[in-house]
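Taking it in order: structure first as structure tokens, then the write-up.
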Amino acid sequence: MRDKDYIYDAIVIGSGISGGWAAKELCERGLKTLVLERGRDVTHIKDYPTTNMYPYEFAHRMELPYAVKQENPIVSRCYAFREDTEHFFVKDNEHPYIQDKPFDWIRGYQVGGKSLLWARQTQRWSDYDFEGPARDGFAVDWPIRYRDIQSWYDYVEKFIGVSGNNDGLEILPDGYFQKAYPLNIVEQFFREKIESRYSDRHVISARCAHLSNPTDVQLGQGRVQCQNRKLCERGCPFGGYFSSNSSTLPYAAKTGNMTLRPHSVVSSIIFDEATQKAKGVMVVDAQMNESMEYHAKLIFVCASTINTNLILLNSTSRTYPTGLGNSSGVLGRYLAFHNYSANIRAEYEGHLDYRTDGKNPAGGGYIPRFRNVKKQETAFLRGYATTVNASRPEVSDTKGIGDHLRESLLNPRLGNWRIGSHIMGETLPKESNTVTLSETQKDRWGIPLVRIAIDYDENDRLMTRDYCDQMSEMFAYAGFKNIEAKVKDQAPGLDIHEMGGARMGHDPKDSVLNKWNQLHDCKNVFVTDGACMTSVSTQNPSLTFMALTARAVDYAVREMKKFDL
Ligand SMILES: Cc1cc2nc3c(=O)[nH]c(=O)nc-3n(C[C@H](O)[C@H](O)[C@H](O)COP(=O)(O)OP(=O)(O)OC[C@H]3O[C@@H](n4cnc5c(N)ncnc54)[C@H](O)[C@@H]3O)c2cc1C
């Protein structure tokens, strides 16, 4: 390789949801872009080995053997970790980390990152979310509001394809949607009951990054309508849902401007004391175990929240001895996540003349946040959204033996309708929620292990109790029976929505990034994954990461052209 092979206009670290967007936007603007990905390559369709397999073709009929669960207690707690998907998850002992407090860190290290595994739920933030910290007095004020990002939500939704309805709710802004997956009969019944009693509670069709009615934009990406197979986490050969592999990365590649380098673990960003800018990154080739440097004018850090914190903290220099962008001392602090610690189930004895086949890829209904929206009304700050989905399971009588057993297995009957919901609460970004680096322990490439200290608190416990009370009351009002609320003793992390550590803010003294996701301390480095989030709202986060990424690239390239970067 010659020296010039190591020099690019831009480097993107990570190829997941945010990195894919950064790559597409940079390449479309003509920048020669190097995408560095620590994991292996995963090419759309070709590398989805289980995508067309029948259950009987799996050695364990899609169940994980006991030994795999014993060896991988953390990742086994994730509902999507199964025999058909396990190849896209990081196993517990492959990439160790230190839990100063219990934290289930769920990861996907491959080209595409977790975009292959996500549940595709996509909701916009509203100003009730962006104004939360300023109004309720936690974290710092967001340097942006909904109007700053609205057109970027439009831009992203038009490209990725999102199914949903324009529901006209202030709390959950409308967008560019393809036709929604309808609620089933019992979800609709619940909706009518709830909306007849509460003016501020709404049961809507979940908004989801699935193609229910693809436009020319998605057909041009080689993607077609979702086939409702619900085998999404195996990788979808139809491109029926959005992933980096099916959408942004091939689009970036088509420009001829992208170089994708898998097996490239970025250990740090190199800061040039003379120019006070970053000049490139240090990489360890994961296969050769060889270190190398790549240089670029612009660097986008999209390695996912905790890895992005790790890279910045590990990028020490004379000017920034505690990590790049850390003149404020807040890097690696104020992380938060989503409170997924409770669910409720109930039964309904009516509507027995209807059934479902359970093939709604959007997952059913969604109740946007209704607590503390216009005023503070509870003992806890902020609020929660919830899912709602109903189905009618088949029940077999497995008692007995011989003919009776065979008959009942061959002819299962349909039971009563079951309805379920789980909490998606906003946790507060506390200073004590931290990511730091071990001073003694390193990974196999010589990079310090990350230490995670993040926990639930009294605000979350009060919120969880309120969710159980409110949802139980709503199910009871609608006539559901056998209502069971369950508070789970689960560690943070399993929500897979960890955010913060390099928060955005107005003031370089108490934030790491400015309103353009640009390091206050180093103008040519941008952080656009979850690490940038000042607070976490109740909505699923990835749509906001994508919109912030596209917006930041647009700004960075404009600044670059003015020679301000
Ligand atoms: C089962 C599941 C369900 C989910 N459901 C939803 C949902 O419904 N809605 C939603 O909004 N979100 C959901 N999420 C979360 C969503 O997947 C993440 O928010 C999203 O993928 C984050 O994007 P990202 O680009 O920051 O990280 P990722 O997509 O994880 O990509 C980061 C990439 O960076 C690479 N990388 C890491 N460190 C380095 C390094 N040092 N050098 C080079 N490369 C590196 C990783 O290998 C990875 O490929 C879900 C996640 C899972 C696992």
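Could you please let me know if Ser341 is under 28 Å from the mean Cα position of the chain (by Cα), farther than 30 Å from Gln518 by Cβ and modelled with pLDDT of 95 or more? Taking the combined requirement at face value, the residue satisfies it.
Flag: Asn309 matches the condition of being of a type outside the set (Gly, Ala, Ser), closer than 26 Å to Gly16 by Cα, in contact with a Gly (Cβ under 8 Å, 6 or more places away or on another chain) and buried (at least 24 other Cβ atoms within 10 Å of the Cβ). So is Ala180 part of a loop (DSSP other than H, G, I, E, B) and among the hydrophobic types (A, V, I, L, M, F, W, C) or not? Yes: the conditions hold for Ala180.
When Ala531, Ala556 are screened for being assigned to a helix (DSSP H, G or I), small (Gly, Ala, Ser), in contact (Cβ under 8 Å) with a residue 40 or more places away in the chain and more than 14 Å from the ligand (Cβ to nearest atom), only Ala556 passes.
Filtering Arg382, Arg369, Arg392 for residues that are in contact with a strand residue (DSSP E or B) (Cβ under 7 Å, 6 or more places away or on another chain) and surrounded by fewer than 22 Cβ atoms within 10 Å (Cβ to Cβ) leaves a single hit, Arg392. Among the residues that make up the range 405-421, is at least one of them under 30 Å from Thr356 (Cβ atoms), of a type in the set (Asp, Glu) and free of Cβ contacts under 8 Å to residues at least 24 places away in the same chain? Yes, because at least one residue in the range 405-421 is under 30 Å from Thr356 (Cβ atoms), of a type in the set (Asp, Glu) and free of Cβ contacts under 8 Å to residues at least 24 places away in the same chain.
Among residues of the range 255-291 being touching a Phe, Trp or Tyr at 6+ places or on another chain (Cβ under 7 Å), more than 11 Å from the ligand (Cβ to nearest atom) and hydrophobic (A, V, I, L, M, F, W, C), the one that is nearest to Asn245 (Cα to Cα) is Ala278. Residues of the range 386-414 that are among the small types (Gly, Ala, Ser) and assigned to a helix (DSSP H, G or I): Gly402, Ser408. Taking each residue of the range 264-280 that is part of a loop (DSSP other than H, G, I, E, B) and looking for partners that are among the β-branched types (Val, Ile, Thr) and modelled with pLDDT of 95 or more with beta-carbon atoms closer than 8 Å, six or more apart or interchain, yields Glu273/Thr319; Gln276/Thr319. Might you let me know whether the range 76-85 holds any residue that is surrounded by fewer than 18 Cβ atoms within 10 Å (Cβ to Cβ), among the aromatic types (Phe, Trp, Tyr) and under 25 Å from Gly239 (Cα atoms)? Taking every residue of the range 76-85 in turn, at least one turns out to be surrounded by fewer than 18 Cβ atoms within 10 Å (Cβ to Cβ), among the aromatic types (Phe, Trp, Tyr) and under 25 Å from Gly239 (Cα atoms).
Just a yes or no: is a residue in the range 401-409 at pLDDT below 95 and on the phi > 0 side of the Ramachandran plot? Taking every residue of the range 401-409 in turn, at least one turns out to be at pLDDT below 95 and on the phi > 0 side of the Ramachandran plot. For Tyr348, the conditions (1) surrounded by 23 or more Cβ atoms within 10 Å (Cβ to Cβ); (2) in contact with a Gly (Cβ under 8 Å, 6 or more places away or on another chain) are fulfilled apart from (1). Do we find a residue being in contact with a helix residue (DSSP H, G or I) (Cβ under 8 Å, 6 or more places away or on another chain), in contact (Cβ under 8 Å) with a residue 60 or more places away in the chain and more than 16 Å from the ligand (Cβ to nearest atom) anywhere in the range 6-27? Scanning the range 6-27 turns up at least one residue that is in contact with a helix residue (DSSP H, G or I) (Cβ under 8 Å, 6 or more places away or on another chain), in contact (Cβ under 8 Å) with a residue 60 or more places away in the chain and more than 16 Å from the ligand (Cβ to nearest atom). Of the candidates Ser244, Ser267, the single residue that is touching a helix residue (DSSP H, G or I) at 6+ places or on another chain (Cβ under 9 Å) and within 30 Å of Glu431 (Cα to Cα) is Ser267.
Restricting Lys32, Lys24 to residues that are over 22 Å from Gln227 (Cα atoms), surrounded by fewer than 18 Cβ atoms within 10 Å (Cβ to Cβ) and not polar (S, T, N, Q) narrows the list to Lys32. Note on the range 297-309: among residues that are within 19 Å of Lys277 (Cα to Cα) and in a helix (DSSP H, G or I), the one that is nearest to the ligand (Cβ to nearest atom) is Thr308.
Leu543 meets the conditions (1) outside any helix (DSSP H, G or I); (2) in contact (Cβ under 8 Å) with a residue 60 or more places away in the chain; (3) closer than 26 Å to Tyr176 by Cα in every case but one. The failed one is (1). Residue count for the range 103-133 satisfying the condition of being farther than 30 Å from Val266 by Cα and within 11 Å of the ligand (Cβ to nearest atom): 1.
The values are calculated or read from the model by the stated rules, or taken from the named source; none is laboratory data. All values derive from a computational prediction rather than experimental measurement. Backbone-built Cβ (ideal geometry, glycine too); neighbour counts: all protein chains shown.
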